[in-house]
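Here's the structure we're looking at; comments come further down.
Please treat every number below as a calculation from the coordinates, not as lab data. These figures come from a predicted structure and were not determined experimentally. Every residue, glycine among them, receives a Cβ derived from its backbone with ideal geometry; neighbour counts consider all protein chains shown.
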Amino acid sequence: MHAGLPVRNGTHPRDRSRARAWALQVLYRWESAGAGETIGQSLGRILQTRRVAPQRLPYLDLLLQTLQDRLPDVDRALQSALENWRLERLSVMDRSILRLSGAELLFIDEVPPKVSIQEGIRLAEAYGGKDSPRFVNGVLDALFKVRQAQEEE
């Protein structure tokens, strides 16, 4: 073991990045299924056919459970950060990226907000449309500013 390097137990930045990408796949499947299943059921279906590295599962579970438990709060916060857009009118991919990053930004304190924003942008670059990275950055930055203002009150 190398001194100073994060242990590969799910807290390593690479494991968290890849867990976020898996979470995005789960959310995409969940949205595509409509009201027919929960986020947890979508995760279960994906795990039946895909192999996720064991060290990524704890953070994947934390992200998805946080989102499932706080989805109305996340959607309300995102809607307030969106200017001239309605959350339900966004593409499934952009909405999923924003929900995932928004849940992390708002409710997972162990991840610095700037990391949540940067990871959301990275997901948008990899999976979104041409304008997705800039759009995701703008919305998450606005959400971060609202969170900061609330913390200062």
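Things to note:
- Considering the range 25-72, its Cα convex hull presents a mean projected area of 3.3 nm².
- Hydrophobic long helices, here whole DSSP H runs in the chain with Kyte-Doolittle means of at least -0.5 and Cα atoms spread over 15 Å or more along the helix axis, are found at 39-49, 57-81, 92-107, 113-127, 132-152.
- Averaging over all projection directions, the Cα-based convex hull of the chain occupies 10.0 nm² in the image plane.
- Packing, as the average of other Cβ atoms within 10 Å across residues, places the peptides 60-73, 138-151 in the order 60-73, 138-151, highest first.
- Each peptide in 116-126, 42-52 receives the mean, over its residues, of other Cβ atoms within 10 Å, and ordering these scores from highest gives 116-126, 42-52.
- The order of the peptides 84-97, 102-115 by mean Cβ neighbours within 10 Å, most packed first, is 102-115, 84-97.
- Estimated FRET transfer efficiency (Gln150, Ser17; beta-carbon r; R0 30 Å; 0.05): 0.65
- Value of [θ]222 nm, deg cm²/dmol, for the chain, DSSP H segments ≥ 4, -39500 (n - 2.57) each, nearest 500: -24000 deg cm²/dmol
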